[in-house]
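Written below as structure tokens is the structure these notes are about.
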Amino acid sequence: TDRLRTLVTLGRCAGLHYSGHGDPHFLTMEDGRGLTHFVRTQTLAKLLGGGSGAAGGSALGLRFVFVSACFSQAAASCFVDAGVPAVVAVTHSGRLSDGAAHTFTRAFYL
């Protein structure tokens with residue numbers, strides 16, 4: 001989470017691909033010790049700051065975000081609200097199988 005905060009807030013991250021576990025209210029990430037850290041969507045929204053930046057990107061420099069997780073719509077909305085012009089996520093409010101996520105991700109990037 002600290003690395004994400006640093007990269008995003010310094011504007012050094014134009015694209016972000018998150019692949020992990022999600023819940024309607026949080027995404028899971030690792031902390032500096034490799035332990036699970038639950039990042040609530042409210043916290044993610046605060047981190048991203050909300051509000052659009054110049055040149056069609058977010059105020060943070062992010063131009064593309066791919067969220068591959070169960071229940072990722074709430075997290076994706078945080079990126080959209082922050083002004084990220086391209087966000088890919090699951091709109092289905094349920095679980096996403098690992099196989100389906102892998103297949104879609106592979107086809108998307110090829």
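Values quoted throughout were computed directly from the atomic coordinates according to the rules given, and no laboratory measurement underlies them. Everything numeric in this text was worked out from a predicted model, so none of it was measured. So basically every Cβ, Gly included, is an ideal-geometry build from the backbone, and we count neighbours across all protein chains shown.
Under the 0.36 nm per residue contour assumption, what length would be gained going from the current alpha-carbon distance of ARG33 and VAL80 to full extension?
My answer for the length gained is 13.9 nm.
With each label point set 7 Å from Cα along the Cα-Cβ vector, what nm distance links ARG95 and THR43?
Result: 2.4 nm between the two label points.
Can you figure out the FRET efficiency of THR6 with LEU110, using R₀ = 30 Å and their beta-carbon distance, to the nearest 0.05?
0.50
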